[in-house]
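Report on one structure; see the data block that follows.
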Amino acid sequence: MKVVASSDWRDDLAFDTPTLVSDVIPGDDTRCSVCGGDSELLPRTELWAVKHRHPKQHDGYVRFYCLAHRPAVLAPPIAPAAPARKTASRSQRIAAPRRPTSVEDRPRAVCPTCWVEVPSTGLCGVCGETITL
Ligand SMILES: [Zn+2]
Ligand SMILES: [Zn+2]
């Protein structure tokens, strides 16, 4: 699959995080990269875009996957950074709220024109439009 150079929506994708294709690049039905060229076309609401790291391309590359081939979401590698105090009780650890995974539980609105996240002010930083949250 060729990576198109003028594809800035890819820059906004987090690595290794499946994102609904219809959320990032709406368009015609397309195919899962694992199912291959002979497979059925799928609506983009049923396909997931995943940005993979590439040893030579800094920006990585994006592939589309159907639900069956969608890679598992990797947990962000943040755990060892802040060693929990040994005195923390087990119950506290269990009760700790789980951080929402970024994509499926998107906390912010996205400008429908620019496809960028809109800050809490509701003003799109690109086109200046006010987005209702
Ligand atoms: Zn597939
Ligand atoms: Zn905008």
Residue 110's amide H: which non-local residues (gap 5+, or another chain) put their own amide H closer than 5 Å, with H modeled 1.01 Å from N in plane and none for Pro or chain starts? 118
List the residues whose amide H sits under 5 Å from the amide H of residue 65, counting only those 5 or more places along or on another chain, with H placed 1.01 Å from N in the peptide plane. 33, 48, 49, 50
Tabulate in residue order the Karplus-calculated ³J(HN,Hα) for the range 50-59, using 6.51 cos²θ - 1.76 cosθ + 1.60 with θ = phi - 60°, rounded to whole Hz; enter x for Gly and Pro. 10, 8, 9, 6, 10, x, 10, 9, 4, 7
Between residue 30 and residues 5 or more places away or on another chain, which pairs have amide H atoms under 5 Å apart, with H built 1.01 Å from N, and which residues are they? 42, 44
Once Lys and Arg are counted +1 and Asp and Glu -1 for all other residues with Cβ under 11 Å from that of residue 49, the total becomes +3
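Throughout, read-outs are computed from the coordinates displayed, never taken from laboratory work. Keep in mind it's a predicted model, so treat the numbers as computed, not measured. Neighbour counts run over all protein chains shown; Cβ positions are idealised from the backbone, glycine included.
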